[in-house]
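The values are calculated or read from the model by the stated rules, or taken from the named source; none is laboratory data. If you're wondering where the values come from, they're calculated on a predicted model, not measured in any experiment. When we count neighbours, we look across all protein chains shown, and the Cβ atoms used for this are built from the backbone with ideal geometry, even at glycine. What goes into the accessible areas is simple: the full protein's heavy atoms, side chains included, and nothing from ligands, DNA or RNA. Shrake-Rupley method; radii C 1.70, N 1.55, O 1.52, S 1.80 Å.
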Amino acid sequence: MDDLLERVRALPCGRRLLEAAAAAGGIHLTGGGVRDLLLGREPRELDVVVEGDVTGLATRLGDVDAVHERFGTATVRAGDCRWDLAAARSETYARAGALPDVRATGIEEDLLRRDVTVNAFALDLRTGALRAVEHAREDLEAGRLRVLHDASFVDDPTRLWRIARYAARLGFELEPRTARLVAHAVAAGALETVSRARIGNELRLALREPDPPAALEVAVALGLAPWLAPDRRRTAVALDLLPPGEGRADLVVLAASLDGGAGDTDRVLAELEFTAAERELLHACLQADALAEAAAMASRASELARLLRGVPVEALAIAGAAGAAATVSRWLHEVRSVRLAITGDDLIAAGVPEGPEIGRRLETTLDRRLDGELEAGRDAELSAALEVMLPGS
Ligand code: ATP
């Protein structure tokens, strides 16, 4: 037990939490943080449950970012650290899929509102005592996901998506009864009882997993998203083509899993509250097969530039995965950054009249540079640009 507190202390934001928690009793680390510590993994976040009011701990910890009175929760930050605080609570569901009604309780009862046993641990940050629901320890050891009660998915169908993410991330199996409850809930249409926006949120979380295609694969295998067709190879090739620091990796993963049938896909994405800009990007990705075919025909760099300039990197990555990897890579790493040393001002200074002719001369000169017909440098470019024979000239 001491060992667990020591592991908390060793975390980047652990020492400060322990110090702030020492001043009062009834403060626990809960949820995935404890699960991950017990698995010897680095917790992704620190969720803290307080028996009583969260404000004392919140002000001792740092700057209170957001307080939600209704749920008795607060988010606190200090430097790079962030902690999610919540008052111990029990939850009841007025109807299937509704948001819960909450009531303050002790930590034991708080653990009972949770999704799966391996998330229902609480580590007392003052005494080091570790509490858990029934089966939690054995399930953690066996790598098993088990819901705490039979109505779990009916109460909150977003737990179906949570289970898919945990199964993929932790490599855990569904305990047989839980697997039957999943199948039953899906067949009974449990997912239709929650808003599309909440499901969209779950999908977005899946896309941010360490191995998103694995999470999507489990989701599809469980029947949560029949409109997705995850493809590991396609996703890996596309992600590999995405230039570092550019583009939305999450949308590339999603696009690689979308199954072309465009019209319907767009409607589904809109319902899941992907923004118009995101859907436009995904739509561009869905045109990638045609783009890949056209790119395969473009042998000259200037043709490639005409075809690919302005295409979002996400769509380029998907086109690469659709068979044009070498061409897309050539465009991204060699061709797209080639620029002329001269500008329109140089041509005006050399006597070319202002107007569309300037653009046409620059374009033709850039084409020649791209196709290796012109050496780099202002002088060669300027004389080439002045020599350009324009139609009608
Ligand atoms: P992650 O590692 O993905 O951050 P986590 O387990 O910390 O996983 P959170 O979504 O941060 O997940 O939730 C914290 C804890 O709150 C969970 O471990 C779980 O005990 C509980 N929890 C969160 N959402 C639900 C839910 N929909 N139903 C039941 N319990 C939930």
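Brief remarks follow.
- Calculated P(r) tail over 19 Å for segment 54-171, as whole % of Cα pairs: 57 percent
- Centre-to-centre separation between the Cα atoms of segment 23-71 and those of segment 286-324: 48 Å.
- Degrees, to the nearest 10: 176-187 long Cα axis against longest axis of the chain: 60 degrees
- Note on SER90: accessible area is roughly 10 Å² with a 1.4 Å probe, heavy atoms of protein only.
- In the complete set of protein chains, residue-level accessible area for PHE172 is approximately 20 Å², probe 1.4 angstrom.
- Accessible area expressed per residue, segment 1-96, with surrounding protein chains retained (probe 1.4 Å, Å²): 49 Å²
- With the biggest extent put first, the Cα atoms of segment 236-393 measure 56, 30, 29 Å across the principal axes.
- Rolling a 1.4 Å probe over the protein heavy atoms of segment 1-159, with every protein chain left in place, gives an accessible area that is 47 percent carbon and sulfur.
- Solvent-accessible surface (1.4 angstrom probe) belonging to TRP161, in square angstrom, nearest 10: 0 Å²
- Coordinate range along principal axes, alpha carbons of segment 276-357, Å, largest first: 47, 32, 18
- For the chain, calculated [θ]222 nm from helices alone, where every DSSP H run of n ≥ 4 adds -39500 (n - 2.57): -14000 deg cm²/dmol
- Our coupling estimate for segment 7-12, obtained by passing each phi through the Karplus curve with A = 6.51, B = -1.76, C = 1.60 and θ = phi - 60°, is 5, 5, 4, 6, 6, x Hz, Gly and Pro reported as x.
- Folded to 0 to 90 degrees: helix 262-271 orientation relative to the chain principal axis, Cα: 40 degrees
- Alpha-carbon centroids, segment 329-393 and segment 105-165: separation in whole Å: 65 Å
- In the chain, the convex hull through the Cα atoms has an average projected area of 25.1 nm², a quarter of its surface area.
- Pairs of alpha carbons in segment 132-280 whose separation is greater than 23 Å (percent): 38 percent
- For the chain, Cys with no neighbouring Cys Cβ under 4.7 Å: CYS285
- Principal-axis tilt of helix 356-370 within the chain, Cα atoms, nearest 10 degrees: 80 degrees
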